[in-house]
Amino acid sequence: MTLSPQLVLFIVFSIVAIYAAFGVVTTENVVHSALSLVVAVSAVAGIFFVLYADFLGLVQILIYGGAVAMLVLFALMLTRGGGGLANLDNRQKPWALVVAGVTLAVILFVAISAAWPAQQVLQRVSIQQLGRSLFLQWAVPFELVSLVLLVALIGAIVIARQEE
Amino acid sequence: MPNLIQIVIALFVVLLIVMGIVAALTYAERKFLGHVQMRLGPMRVGPHGLFQAPADVIKLIIKEDLVPANADKIVFRLAPFIVFTPVFMLFVTIPFARDLVIRNLDLGLFYLVAIPSITVVGYLMAGFGSGNKYALLGGARTAAQLVSYEIPLVLALVTIAMIADSLSLTAIAEQQREVPFILLQPVGLFVFLTAALAEANRTPFDITHAESEIVGGPTVEYSGVSWAMFFLAEYANIIVISSVTTILYLGAWHGPGSDLVPGLGLFWFAAKAAAVILFIFWLRATFPRLRIDQLMAFCWKVLIPVAFANLVLTGVFLVFGPLAFTVCLAAALILAAVATRPIWQRRIGRGLLRSLRTTSETIARTPVTVQYPVERIPVHRRFRGIPALLWDDEVGEPKCVACDICARECPVDVIHTSGRPNPKAKTGESSRKRIVDQFDLNFALCIYCGICVEVCPFDALAMSRTYEIAAESPDQFVLHRDQLLELTMGRKPPADDVPSPESQTPSEDGESAIPEPVGAAAAGDRGRAPRAPRTTSGPRTSDPATRNSDLGTRTPE
């Protein structure tokens, strides 16, 4: 296997993503942890770009790198007095372990059972193709996800309004 | 990989150009704001202040780049890069002319939305990393504002994508050969420009910086080059906004003759972008900063509904045709008119337009600033400056005879005089038996009441028109006889006509001034070098020891 530029970039992004992901769980400062998360998801976006998934990469940056990370930081800064050393453990530790274990198992199962290499030649999927398959072939799941998000949105407003 | 090298070189060139334009923009903005406020703006550095921007750049580079002791050092240091880099990345896909683009991305429009979202993280990092509560507040404000205004921004861009049927900026621009999208999407332009200004933290949406409340917000602790990067990001953002507005709404490089003459397209693009930038400056000059609750309310209650209505109506037009569109438009307008009745009744929009008219009128007016040391404003005819001595031109001597009446009547006791026999009286040249020898006026304490002028029996005093009353040390606040004469004469009194004290032999009544060496020696005794008076007034010293001798506490000779 030759060391193509794509492969080099893939390795670099992977190392950054893994390193940052460890940073998320090992650092004691919650704000640093959240910032490591930004680095990790941005590195994953980089992997998407290397794999010709431009749209996915940009979505990753927009949603995870920008919006989600920002909301996490926003909440941390306002609720924990601007970060610092916080007690990161609580009673939900075993449940968190279970969820993490199950997720890991699923990912490992998929990774092992998949037929590698998945595709010999990477193909760039145009945004038109992506749009058609999303809104024609997968229209119902797409709308379902939208509905779930809408319900979550309304739920958040209801909970926030209860205090008034 | 020659392609990659080309791209890197192109990026570097773009970076240099952007920095140059940013420098020019800061100058242009300060000049524009100055003229709106009937000032001249920068004038001192170079002709019409043209070198102000380079001077500022040099200042920022030389300035020490401080890290507060309380800061989270890594986060603090990284933040400016996280803010600047995404903004600069946008230039990769912005076409400035038909083929003048580093990389025409198929997802260009989406790229423009996705990449800047990282900027917010940078501002939050700056806010948190500074270890400063104002910075933290500013960071929180930035997060709230940028998340909110991203929604109308995206909605406006989606509408453009629907009309153009593409996300590529070049393709969108090419579709406006005949009709610029501003005619199809006037509402979209309004939503886009408003949201984009909010995303760029520009006035009237600059509550994230709000100098008067949170003293600069996330950037409060930054200095030197780090601060310059935030600054660069803000102005680079303005360039992006104006360029993207030109591409999406104003027909990009299309204009009269742009297809025939090569290079004219770039000119049209630059002209349109400059117009947008000027409009942004105009908004800044006109509108005050919004309050944070007004800002949020405006986004969620006005901008987002309008953006959604625009999106839906455009969709109706594209799918169902003009007839359905007209019906829906009418319905939407009626609905909007009913829903926003309180707004119409308070005539909010009218005030905004009127304020824009006011600023556009003031910019045409001549600034009232004068180039002070060179030009001077004439003072009012009743203006009263420091009391000054008058010169008797007929005889060629001061009119004052040192009768000391003014000194006694002075309510704040700032005048001290002493005189001597007038040599000209002996020869019959003058009717004055005595002549002023010393006349000291402490203008730091003078209240310009004019009583000294009123009481003078010889009309030897007048209020001068001097208003430049400043000194570099306390003893310079005392003006002496010749300086006071100069104020009314406009020139130095001739030294020959007023014999200086040391040329006088000690006279018989002992009233004459003591010889100069004594004063100098007295000054030397106190460990101070004798100081030269501010303006030449003969060989006199302003040393208090000399003055004391006039008042009777004679220094032994």
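The values are calculated or read from the model by the stated rules, or taken from the named source; none is laboratory data. All of these numbers come straight from a predicted model, not from anything done at the bench. All Cβ positions, even for glycine, are placed from backbone atoms using ideal geometry, and neighbour counts span all protein chains on display.
So here's what we get for this one:
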item: Filtered residue count, region B:126-184, keeping only those that are touching a Gly at 6+ places or on another chain (Cβ under 6 Å) and without any contact (Cβ under 8 Å) to a residue 40 or more places away in the chain; result: 1
item: Candidate set from region B:49-83 (those that are within 14 Å of chain A (Cβ to nearest Cβ) and in contact with a helix residue (DSSP H, G or I) (Cβ under 6 Å, 6 or more places away or on another chain)); member that is surrounded by the most Cβ atoms within 10 Å (Cβ to Cβ); result: B:Ala79
item: Candidate set from region A:68-98 (those that are surrounded by 18 or more Cβ atoms within 10 Å (Cβ to Cβ) and among the small types (Gly, Ala, Ser)); member that is modelled with the highest pLDDT; result: A:Ala69
item: The listed residue being more than 31 Å from the chain's Cα centre (by Cα), farther than 18 Å from A:Ala75 by Cβ, among the aliphatic types (A, V, I, L, M) and within 10 Å of chain A (Cβ to nearest Cβ), out of B:Val158, B:Val179, B:Val154; result: B:Val154
item: Of the criteria (1) more than 13 Å from every other protein chain (Cβ to nearest Cβ); (2) in a helix (DSSP H, G or I); (3) under 35 Å from the mean Cα position of the chain (by Cα), which one B:Phe205 fails; result: (2)
item: Tally, over region B:84-123, of residues that are in a helix (DSSP H, G or I), crowded, with 19+ Cβ neighbours inside 10 Å and within 13 Å of chain A (Cβ to nearest Cβ); result: 16
item: Some residue of region B:27-43 being more than 29 Å from B:Thr362 (Cα to Cα), in contact with a Gly (Cβ under 8 Å, 6 or more places away or on another chain), in contact (Cβ under 8 Å) with a residue 60 or more places away in the chain and of a type outside the set (Gly, Ala, Ser); result: no
item: Out of B:Asp413, B:Asp437, B:Asp392, sole residue that is within 20 Å of B:Lys492 (Cα to Cα), among the acidic types (Asp, Glu) and surrounded by fewer than 20 Cβ atoms within 10 Å (Cβ to Cβ); result: B:Asp392
item: Criterion (at pLDDT 90 or above and of a type in the set (A, V, I, L, M)) met by exactly one of B:Ile469, B:Ile451; result: B:Ile451
item: Region A:20-58, subset in contact (Cβ under 8 Å) with a residue 60 or more places away in the chain and away from chain B (no Cβ under 12 Å), residue surrounded by the fewest Cβ atoms within 10 Å (Cβ to Cβ); result: A:Glu28
item: Filter result (on the phi > 0 side of the Ramachandran plot and more than 42 Å from the chain's Cα centre (by Cα)) within region B:427-451; result: B:Gly428
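Condition check ((1) touching a residue at least 60 places away in the same chain (Cβ under 8 Å); (2) within 30 Å of B:Ile163 (Cβ to Cβ); (3) surrounded by 13 or more Cβ atoms within 10 Å (Cβ to Cβ); (4) touching a Gly at 6+ places or on another chain (Cβ under 8 Å)) across all residues:
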{"position": "B:Ile292", "(1), (2), (3), (4)": "yes, no, yes, no"}
{"position": "B:Leu303", "(1), (2), (3), (4)": "yes, yes, yes, no"}
{"position": "B:Pro322", "(1), (2), (3), (4)": "no, yes, no, no"}
{"position": "B:Cys328", "(1), (2), (3), (4)": "no, yes, yes, no"}
{"position": "B:Thr340", "(1), (2), (3), (4)": "no, yes, yes, no"}
{"position": "B:Arg350", "(1), (2), (3), (4)": "no, no, no, no"}
{"position": "B:Leu356", "(1), (2), (3), (4)": "yes, yes, yes, no"}
{"position": "B:Arg365", "(1), (2), (3), (4)": "yes, no, no, no"}
{"position": "B:Pro378", "(1), (2), (3), (4)": "no, no, no, no"}
